[in-house]
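Shown next, in structure tokens, is the structure this report addresses.
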Amino acid sequence: MTNHMKAKRSAFTFAAVSAVAILGLTGCAGSGAAGGSSADADADGIGVSLIVKTNSNPFFVAMQEGAQAAAEESGVNLTLAAGKEDGDEDTQIQAIEAAISKGDAGILITPNGPAVLDAVQKARDAGLFVIALDTVPDPADAVDITFATDNFLAGQYIGQWTAETLAGEDAVIGLIDLFDDKAVSVDYNRDQGFLDGMGIDLADETVNGDEESTGTYSGGQGGSYTIVGNEASQGAEDGGRTAMENLLAKNPDINVVYTINEPAAYGAHQALEAAGKSPEDVIVVSIDGGCAGVGQVADGIIDATSQQYPVKMAELGVEAIVQLVETGTAPETSDGLDFFNTGVALVTDSPVDGVESIDTAEAAEICWGGE
């Protein structure tokens, strides 16, 4: 059993650490890197930089808003920065270097790829406390701690639901991932969790696309499967549409579509619709659970999604850095995991036996905020 499947602690706790001494740090109001902006705060407040993957994804916009609210409540001087697009590592590196120059107490970052880790280490060497959000870096100890969804578990939920919904029908699967030119944990954990939830044997859990292309799945009533292929979407709507078009060109009989996130799922829906596929023809599942995505589940565009809580990630990140500066204590990971688990719930209006879920009405009340 992998650490993804072990018990997780839900309470946010702090433990004293002897090696931390971040005192007398000051924040800096003004513009952040890459066109970011700083929230109004006392010039002598605690400086924190939030560096997200992109401003074009509502998930990260919600994360920014959550961090801003927590920063205002705590008197933190928050600087916002973002990559120009998902996968833009260079702009994130520039934002890390700016945080070091400003003398921030800490950085919250959703890493765009492994190339940012050298800059993260430079920040830690300079005394900044670095918290990853949403995506656990590889290795996990490249940052001080990560606040994230258990992305493997999120994938398992939609995989288990899909297997039950198929009721023994053959599965012809198209997988729409994040990248095809780099490996990041959020990408392979979601993809591999989905396949594991379906009951498909995995090869390397950290590699997308190395499974047997045909075989049997053991989830639900079990059945035969064919994996048509993996296509990258960059987590964007247009990328999801192109990815789905490419998959349909390989095999027009696809009846199961996994997507890395809801923007990619909506793009896939557009391609399926253009190809004359009705929602009854194809099961589409995703991960995010944003308010728009929940609405798409309610409308039948997406059949099921796993809901995560970026606002909670950001709020806890700001609070952790404040706690560290004020008391010298640092946050702990959840039991059995190498990150702090911020929760996940399966959202669908078509529940199945054996897979716990919430409906879209309940999910809309908590979308992206927290459990």
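The values are calculated or read from the model by the stated rules, or taken from the named source; none is laboratory data. Small disclaimer: the values here were computed from a predicted structure and weren't measured. Reconstructed Cβ throughout: ideal geometry from the backbone, glycine too, with neighbour counts over all protein chains shown.
Some notes on this structure:
- Long-range neighbours under 8 Å by Cβ, at least six apart or interchain, first residue outside the structural domain of G83 (by TED's automatic domain parsing) within the range 228-252, second charged (D, E, K, R) and in a helix (DSSP H, G or I): V228/K250; G229/K250; N230/D191
- Odd one out for Y157, checked against (1) out of contact with any Lys or Arg (no Cβ under 6 Å at 6 or more places or on another chain); (2) within 23 Å of S56 (Cα to Cα); (3) touching a residue at least 60 places away in the same chain (Cβ under 8 Å); (4) not charged (D, E, K, R): (2)
- Flag for V143 being modelled with pLDDT under 95 and buried (at least 24 other Cβ atoms within 10 Å of the Cβ): no
- Given (1) more than 16 Å from the chain's Cα centre (by Cα); (2) modelled with pLDDT under 95; (3) among the small types (G, A, S), number of the condition S185 does not satisfy: (1)
- Here T348 passes the criteria (1) in contact with a Phe, Trp or Tyr (Cβ under 7 Å, 6 or more places away or on another chain); (2) assigned by TED's automatic domain parsing to the domain that holds M63 except the one numbered (2).
- Residue within the range 344-360 that is modelled with pLDDT of 95 or more, under 24 Å from A62 (Cα atoms) and in a helix (DSSP H, G or I) present: yes
- Subset of the range 146-157 (residues that are more than 21 Å from T110 (Cβ to Cβ) and not hydroxyl-bearing (S, T, Y)): Q156
- Any hit, the range 185-200, residues being over 20 Å from Y157 (Cβ atoms), in contact (Cβ under 8 Å) with a residue 40 or more places away in the chain and of a type in the set (V, I, T): no
- Any chance G336 is part of a loop (DSSP other than H, G, I, E, B), without any contact (Cβ under 8 Å) to a residue 24 or more places away in the chain and more than 26 Å from Q64 (Cα to Cα): no
- Of note, I260 satisfies the criterion of being assigned by TED's automatic domain parsing to the domain that holds G290 and in contact with an Asp or Glu (Cβ under 8 Å, 6 or more places away or on another chain).
- Qualifying positions in the range 47-65 - more than 22 Å from P137 (Cα to Cα) and either part of a helix (DSSP H, G or I) or not assigned by TED's automatic domain parsing to the domain that holds A123 (or both): E65
- First in the range 271-282 and loosely packed, with under 13 Cβ neighbours inside 10 Å, second anywhere and not hydrophobic (A, V, I, L, M, F, W, C), Cβ under 7 Å, 6 or more apart: D281/N255
- Selection within the range 283-301 - over 13 Å from D359 (Cα atoms), surrounded by 22 or more Cβ atoms within 10 Å (Cβ to Cβ) and not hydroxyl-bearing (S, T, Y): I283, V284, V285, I287, D288, G290
- Within the range 182-196, restricting attention to residues that are hydrophobic (A, V, I, L, M, F, W, C) and not in a loop (DSSP other than H, G, I, E, B), the residue that is farthest from V257 (Cα to Cα) is V186.
For every residue, the table says whether it meets (1) part of a strand (DSSP E or B); (2) out of contact with any Gly (no Cβ under 7 Å at 6 or more places or on another chain).
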{"site": "T91", "(1), (2)": "no, no"}
{"site": "Q94", "(1), (2)": "no, yes"}
{"site": "A99", "(1), (2)": "no, yes"}
{"site": "D104", "(1), (2)": "no, no"}
{"site": "N112", "(1), (2)": "no, no"}
{"site": "L117", "(1), (2)": "no, yes"}
{"site": "K122", "(1), (2)": "no, yes"}
{"site": "A132", "(1), (2)": "yes, yes"}
{"site": "V136", "(1), (2)": "no, yes"}
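- Every condition in (1) without any contact (Cβ under 8 Å) to a residue 12 or more places away in the chain; (2) closer than 17 Å to E169 by Cα is met by T214 except one, and the failing one is (1).
- Count of residues meeting criterion [out of contact with any Asp or Glu (no Cβ under 7 Å at 6 or more places or on another chain) and polar (S, T, N, Q)] in the range 194-213: 2
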